[in-house]
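S.K.: Let me begin by handing over the structure; questions about it come next.
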Amino acid sequence: MVNAPPPNDYLAYPDAQGRFGDYGGRYVPETLMPLVLALGAAYAEAKADAAFQVELGGYLTNYAGRPSPLYFARRLTEHLGGAKIYLKREELNHTGSHKINNCLGQILLARRMGKKRIIAETGAGQHGVACATVCALFGLECIVYMGAVDVERQAPNVLRMNLLGAQVRPVTSGAATLKDAMNEALRDWVSNVEDTYYLIGSTAGPHPYPVMVRDFQAVIGAETREQLLAAEGRAPDALVACVGGGSNAIGLFHAFLNDEAVRMFGVEAAGDGMATRRHAAAVNGGRPGVLHGAKSYLLQDADGQILEAHSISAGLDYPGIGPEHAWLHDVGRVRYLTATDDEALEAFALCARLEGIVPALESAHALARLPQIAAEVGAGGVVVLNLSGRGDKDLATVAARLGLGALEGRV
Amino acid sequence: MSGGRIEARFADLAREDRAAFVAYVMAGDPDAETCLSILEGLPDAGADLIELGVPFSDPMADGPAIQRAATRALDGGMTVNGVLDLARRFRTGDEATPIVLMGYLNPLLSYGLETFATRAAAAGVDGVIVVDCPPEEAAPLTDALEGAGLALIRLATPTTDAARLAIVARRAGGFVYYVSVAGVTGDKPVDAEKIAPAVARVRQACGLPVAVGFGVRTPDQAAAVARVADGAVVGSALVDAIAEAVSQSRDPVALVLDTAAALAKAVQSARAGGS
Ligand SMILES: Cc1ncc(COP(=O)(O)O)c(C=O)c1O
């Protein structure tokens, strides 16, 4: 683990080269370099344009259904017996996850740039669905790359994407999951530089994606701050979110980064367990390297070959993590914990039973670490958990893993 | 040590008024020993420079042919040390043919850039192409390579405009690799007429020979490129020959060297044959 001094102002990052400390950057082939630079310029312009922000705000409110509620989870709080638990209900957004926040922002940018053909990668299919949705909304061609394994285990989302008019292209190279889908999307982009916009679904990829996606997701934390102020008259003691590429987590954290009293926890997927190497925990089980355009923590072997990630949750099944998280880890601002498949399944069932909310398996990883965090913060404290998505898409996976009927009577 | 093999080779070829035939093979494809036999045969088959691929698990700029070659090589246990070993063994029998390693950044980062540069130079490597390391990110790598007397070969593409060309040129060494099409390796065919002005522009801006690759498959395409550029790079077609031989249980060495010889001949006679 590297230790860098914490900065005075977390919000001043990244620098102009897209660097969060040593992480980030633009490690792309020369063919893409001019496109990535042009995208950065177009985004900077849009960000500063009040009309763009107003247009985006309109869609977030009237189309996505924002603000999402901040809900006091009474039974979960009682069950855990520690801090008060609030759930930020991103699963109530249109399309069922936080992914729509980013897709609305980027599709408006793509329109501004005059792009007609949208490509995306997807793991769980939540980003693919959100992307297909905004493409339908604006009548744009949509091609989604999805690992063949994920096409299998997230079948309902494939149907949704098709219904929305998107073309889903199964990717069979490598482990046929999210990493390979991203390789294929990048290859498509290199081959279609004139008309194509690559709509990345997380805070990964070359600059400006990590900062742009973060900005579009930062609405989560901004709302949380206001909502909690109204409910409790104060800021939270701790924030917790699952981390795949890191977009829902940084979306919740960003508004609070300079507030040193707010503790932050990212939860990585430990798959079969950290000792087994069959996991997806880039920070806890990886080391820095370069993949998909950015320098960050990666699962890799001694020779720098990228290792396949393993998680029951398709959305966390990625061997990397966004560069801002790598930096927040190194400077000690955010603590990165892990949860196994089994722990996530337990938490999945618990949340359904106690709160009547079926969470996405991704979000269930964050839920799985709640007992520890609620105890650490203690009674009288407040913890906000980002419920990043709903779990309907995961029912087949859960049933296959536990057996039909196995959930009955648990808790 | 490298000792200017790239410069010497292009200077010789310029005197002969012909372009270089640059042959790309993936290190360790289909296995280390067969690959060494291919490398050893390439100069006699007419290869003027050799590009030796360093396999990577996630080759984002490569098409299916080179992706599969990388998988074959990695499945066979190829490593960065293994690549350097192939270069060193090739070099014991050939002092003149430049070897350029081509790959992605992470295996080199993981190896340690300085250590890699020192050992590559000692193995007789002359230059390195790193597909996912644009000039803006290349300072540490360039420092390490230059410190060991190696060139970081820069890439220019159809999307590289005049302003970027100046950035590409800044610390360019050896030659410049012009990617003929916006695409992955082995994708769309090159249009030699269309790229001629771009090649001239790159040569002018960088003051170095320009080799053209991606989309050069057939002897005709190689000859057309040889008329407008200082080198024609063929990769996927040679890699496909290996795959084909393996799948048909034929001798990959013979098939690759025959394919290379036909391409070399086309390149050698391209300018004499009139344009
Ligand atoms: C519901 C949900 N949560 C979390 C994630 C993980 O992505 P990120 O870390 O970018 O939030 C996904 C990804 O598909 C998801 O669908």
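The values are calculated or read from the model by the stated rules, or taken from the named source; none is laboratory data. Since this is a predicted model, take the numbers as computed values, not measurements. All Cβ positions, even for glycine, are placed from backbone atoms using ideal geometry, and neighbour counts span all protein chains on display.
S.K.: Of the residues in the stretch A:284-316, how many are farther than 16 Å from residue B:132 by Cα, at the interface with chain B (Cβ under 7 Å from one of its Cβ atoms) and not in a loop (DSSP other than H, G, I, E, B)?
M.R.: 1
S.K.: Does the stretch A:173-189 contain any residue that is under 17 Å from residue A:323 (Cβ atoms), among the aliphatic types (A, V, I, L, M), within 9 Å of another protein chain (Cβ to nearest Cβ) and out of contact with any helix residue (DSSP H, G or I) (no Cβ under 6 Å at 6 or more places or on another chain)?
M.R.: Checked the stretch A:173-189: at least one residue is under 17 Å from residue A:323 (Cβ atoms), among the aliphatic types (A, V, I, L, M), within 9 Å of another protein chain (Cβ to nearest Cβ) and out of contact with any helix residue (DSSP H, G or I) (no Cβ under 6 Å at 6 or more places or on another chain).
S.K.: Criterion first (aliphatic (A, V, I, L, M), farther than 18 Å from residue A:298 by Cα and free of Cβ contacts under 8 Å to residues at least 24 places away in the same chain) does residue A:199 satisfy it?
M.R.: Values: aliphatic (A, V, I, L, M): yes; farther than 18 Å from residue A:298 by Cα: yes; free of Cβ contacts under 8 Å to residues at least 24 places away in the same chain: no.
For residue A:199, the condition - aliphatic (A, V, I, L, M), farther than 18 Å from residue A:298 by Cα and free of Cβ contacts under 8 Å to residues at least 24 places away in the same chain - is not met.
S.K.: Right, next: For the stretch A:113-129, does any single residue satisfy the condition of being touching a residue at least 60 places away in the same chain (Cβ under 8 Å), among the β-branched types (Val, Ile, Thr), closer than 30 Å to residue A:367 by Cα and within 12 Å of the ligand (Cβ to nearest atom)?
M.R.: yes
S.K.: Looking at residue B:18 and the list (1) in a helix (DSSP H, G or I); (2) surrounded by fewer than 21 Cβ atoms within 10 Å (Cβ to Cβ), which single condition is not satisfied?
M.R.: The failed condition is (1).
S.K.: So which strands (runs of 3 or more DSSP E) stay within the stretch A:1-106 end to end and still have 2 or more residues that are outside the structural domain of residue A:390 (by TED's automatic domain parsing)? Before you say what the answer is, go through the steps one by one.
M.R.: Values: elements: A:23-27, A:70-72, A:84-88.
Strands (runs of 3 or more DSSP E) meeting the threshold: A:23-27.
S.K.: Wholly within the stretch B:156-229, which helices (runs of 4 or more DSSP H) include no fewer than the required count, namely at least 3 residues that are within 12 Å of another protein chain (Cβ to nearest Cβ)?
M.R.: On the way: elements: B:162-169, B:192-206, B:219-228.
Answer list for the stretch B:156-229: B:162-169.
S.K.: Just checking, how many residues over the stretch B:130-155 are more than 11 Å from every other protein chain (Cβ to nearest Cβ), out of contact with any Cys (no Cβ under 9 Å at 6 or more places or on another chain) and outside any helix (DSSP H, G or I)?
M.R.: So the answer is 5.
S.K.: Something else: Among the candidates A:320, A:271, A:315, A:289, which residue alone is at pLDDT below 95 and assigned by TED's automatic domain parsing to the domain that holds residue A:364?
M.R.: Numbers: A:320 fails: at pLDDT below 95; A:271 fails: at pLDDT below 95; A:289 fails: at pLDDT below 95.
Result of the check over A:320, A:271, A:315, A:289: A:315.
S.K.: If you go through the stretch A:110-158 one residue at a time, how many are closer than 13 Å to residue A:97 by Cβ, in a loop (DSSP other than H, G, I, E, B) and out of contact with any Phe, Trp or Tyr (no Cβ under 7 Å at 6 or more places or on another chain)?
M.R.: Matching residues across the stretch A:110-158 total 3.
S.K.: So which of A:329, A:365 ends up being under 18 Å from residue A:295 (Cα atoms) and assigned to a helix (DSSP H, G or I)?
M.R.: On the way: A:365 fails: under 18 Å from residue A:295 (Cα atoms).
Criteria check complete, one pass: A:329.
S.K.: Restricting to the stretch A:163-210, what's the tally of residues that are away from the ligand (no atom under 14 Å from the Cβ) and in a helix (DSSP H, G or I)? I'd like the intermediate steps shown before the answer.
M.R.: Residues of the stretch A:163-210 that are away from the ligand (no atom under 14 Å from the Cβ), as a first pass: A:163-176, A:180, A:183-198, A:206-208.
The next check asks that each one be in a helix (DSSP H, G or I); those that pass are A:163, A:180, A:183-191.
Going through the stretch A:163-210 one residue at a time, the tally reaches 11.
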